[in-house]
2 protein chains.
Amino acid sequence: MTGTVLRDWRSVKKEVLRRIHAREWKPGDMIPNETDLADEFGCARTTVNRALRSVAESGLLDRRRKAGTRVAEHPVARATLDIPLIRNEIEARGRKYGYQLIKKSTSVPPPAVSGAMRTMANSELLYIQALHLADDKPYVIEDRWINTKAVPCALEEPFEIISSNEWLLRYARYTHGDIAFSASSASEIHAKILCCPAHSALFVVDRLTWDGSNPVTKVTLLFAPGHQLRTEL
Amino acid sequence: MTGTVLRDWRSVKKEVLRRIHAREWKPGDMIPNETDLADEFGCARTTVNRALRSVAESGLLDRRRKAGTRVAEHPVARATLDIPLIRNEIEARGRKYGYQLIKKSTSVPPPAVSGAMRTMANSELLYIQALHLADDKPYVIEDRWINTKAVPCALEEPFEIISSNEWLLRYARYTHGDIAFSASSASEIHAKILCCPAHSALFVVDRLTWDGSNPVTKVTLLFAPGHQLRTEL
DNA sequence: CAGTGGTCTAGACCACGAT
DNA sequence: TCGTGGTCTAGACCACTGA
């Protein structure tokens, strides 16, 4: 018994979370079905559905038709990361944004890149290397390959003022992508650009973007030492 | 005109995404209101609402009452990461899981830890250091502080068979937490444990967990070189 | 087969916030 | 003020899947 009628899905969600955390419903337990809960809470089944769906999205409940709803045995922590434009990220921290183009060329990428992008091993791509700065200090190296077949007009953009990061967001279509986070040791060259000791541990983000089945771009971001990516969960 | 009636929210979502990707609705553009779209698609407003809400959750739409719905100017990429139990993570890759307790003590933590956990600077916490192995090779070091006031029964658990990672998930309450990803250079000690060269770049996950306003545990995971965290977006 | 969640509908009222 | 999205309702049908 809750004692009070729960009128909106947020209240229902809150009560469900309370029961899970208080172990009234233990991991592996089956919980009452939507109709019964709606009855108990004095609201429509739709409202309970909305609440349970929301809890399930966070990974704490397993729901299956016919089988019912159970409290997850091994609640995977689910973290949602927002990956903004680099400029926005820097400005959001109240720091001054700066940008420098380091290198730009049209060339045949190393096999690892053409392999990942599934482009012909001998076809040329646009290569951009640039540095983003926060308060005039090196913040991150952007190391990017662009498939000019997917974004032909990229060839006419100098990328001296606007970063490819920002330009692509504005002009390139994409449908999906994948992203990987890792750590890597700074090469002599990267260390020089980032003004840090060689072999420093760098936080690395790799991103591959597609428009349907066409590769659009592959980027590696090498962050200056000390960078953290945070989120709540 | 779509030509066909869209009967479910997934179809509506798909059509909305198509229009955004095809730039029929450009970044910054206002899109028709729910009632008009429902009319156009031949479905209930609720269905359109469900679809638009779903698209907005992925960051591609900005919705505000009265102001209406606009295509986001700077669509932040939003990645959802699942962070499973280490054992599950290893076994899901078809590798053999192994576990070794390295150190266990009750002691006063360094100020950085008591500060982050907001415990009294002189109060003792339970400290656990352990190694998780995949196919008998070092996979990740788990370096953890546990607030025994929040989880008293942790004092009676030897943690020689079950990792604290797993044990806490089963026996500790928590309501929320935060997580941070970064890179760090391997110390001599960590390098020895992970069987890698000193100063290797390690991928690091820091996690702080709360039960209401009570700190539960703080853990640092130091992954063996080469580790990647991937997701789709 | 039958029970459960998934979804749609039409209508209603409300909260927010741009103007 | 008042248009827009946010949500609730009651009822209905459907899809999946365990038994």
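Laboratory data are not the source of any read-out in this text; all were calculated from the coordinates shown. The model shown is predicted, which means the values in this text are computed figures rather than measured ones. As a convention, Cβ positions derive from the backbone with ideal geometry for all residues, glycine included, and neighbour counts pool all protein chains shown.
Students often get this wrong: which residues of the stretch B:176-197 have the backbone nitrogen under 12 Å from the point 7 angstrom along Cα-to-C-beta of A:Glu232?
B:176-179
Count the net charge of all other residues whose Cβ sits under 14 Å from the Cβ of A:Pro158, scoring Lys and Arg as +1 and Asp and Glu as -1.
Surrounding charge for A:Pro158 is -2.
Over what distance in Å are the Cα centres of the stretch A:165-221 and the stretch A:107-122 separated?
Centre-to-centre distance over Cα atoms comes out at 16 Å.
From the cross-link list A:Lys218/B:Lys13; A:Lys149/A:Lys218; B:Lys149/B:Lys218, which pairs have alpha carbons spaced over 19 Å apart?
A:Lys218/B:Lys13
If Lys and Arg each add +1 and Asp and Glu each add -1, what is the summed charge of the other residues whose beta carbon sits under 13 Å from the beta carbon of A:Arg63?
With Lys, Arg at +1 and Asp, Glu at -1, the neighbours total +3.
May I ask you to list the GluC sites (Glu not before Pro) in the stretch A:31-77 that are in a DSSP loop and have at most 14 other Cβ atoms within 10 Å of their Cβ?
Here the sparse-neighbourhood loop sites are A:Glu73.
Amide H of B:Arg78 versus every other amide H placed in the peptide plane: which residues, excluding those fewer than 5 positions away on the same chain, fall under 5 Å?
Placed amide hydrogens put A:Ile83 under 5 Å from B:Arg78.
Could you pull the copy-to-copy label distances for B:Arg19, with points set 7 Å along Cα to Cβ, in nm to one decimal and sorted shortest first?
4.0
Using modelled amide H (1.01 Å from N, peptide plane; none on Pro or chain starts), what sits under 5 Å from the amide H of B:Ser185, excluding residues fewer than 5 places away?
A:Ala201, B:Leu202
With the contact rule set at Cα under 8 Å and sequence spacing of 6 or more, what percent relative contact order holds for the stretch A:1-137?
Once divided by the residue count of the stretch A:1-137, the mean separation gives 19 percent.
Distance between Cα centroids, the stretch B:1-73 to the stretch A:7-68: provide it in whole Å.
Their Cα centres are 28 Å away from one another.
5 Å is the cut-off here: which amide hydrogens, built 1.01 Å from N in the peptide plane, fall below it relative to B:Asp211, excluding neighbours closer than 5 in sequence?
B:Thr175, B:Val216
For peptide B:170-182, compute the average count of partner chain beta-carbon atoms within 10 Å of each residue's beta-carbon.
Mean shielding count: 5.
Provide the per-residue ³J(HN,Hα) series for the stretch B:117-123, in order, calculated from phi with Karplus coefficients 6.51, -1.76, 1.60 and θ = phi - 60°, each as a whole number of Hz, with x at glycine and proline positions.
Using θ = phi - 60°, the values come out as 8, 6, 9, 4, 4, 9, 8 Hz.
Could you pull out every one of the aspartates and glutamates with an alpha carbon less than 20 Å from that of A:Lys192, ignoring same-chain neighbours closer than 8 positions?
A:Asp135, A:Asp136, A:Glu142, A:Asp143
Between the label point of A:Lys192 and that of the same position in each other copy, find the distances and list them shortest first in nm, with every label point placed 7 Å from Cα along the Cα-to-C-beta direction.
Inter-copy label distances (nm, one decimal, shortest first): 3.7.
7 Å along Cα→Cβ for the label point: how many nanometres lie between B:Ala44 and each equivalent label in the other copies, listed shortest first?
Computed spacing set for this position: 0.7 nm.
Could you tell me the relative contact order of chain A? Use alpha-carbon pairs under 8 Å, at least six residues apart, and round to a whole percent.
In percent, rounded to a whole number, it is 15.
Express the relative contact order of the stretch A:43-124 as a whole percentage, based on alpha carbon pairs under 8 Å and six or more residues apart in sequence.
Once normalised by length, the contact order is 14 percent.
Where does the charge balance sit around A:Gly98 when Lys and Arg score +1, Asp and Glu -1, over other residues with C-beta under 15 Å from its C-beta?
That sum, taken over residues with Cβ under 15 Å, equals -2.
Residues of the stretch A:43-75 with amide nitrogen under 17 Å from the 7 Å Cα-to-Cβ point of A:Arg18?
Residues A:43, A:48, A:51-52, A:55 fall inside that zone.
What distance in nm separates the simple spin-label points at A:Arg45 and A:Ala72, each placed 7 Å from Cα in the Cβ direction?
The two pseudo-label positions are separated by 2.6 nm.
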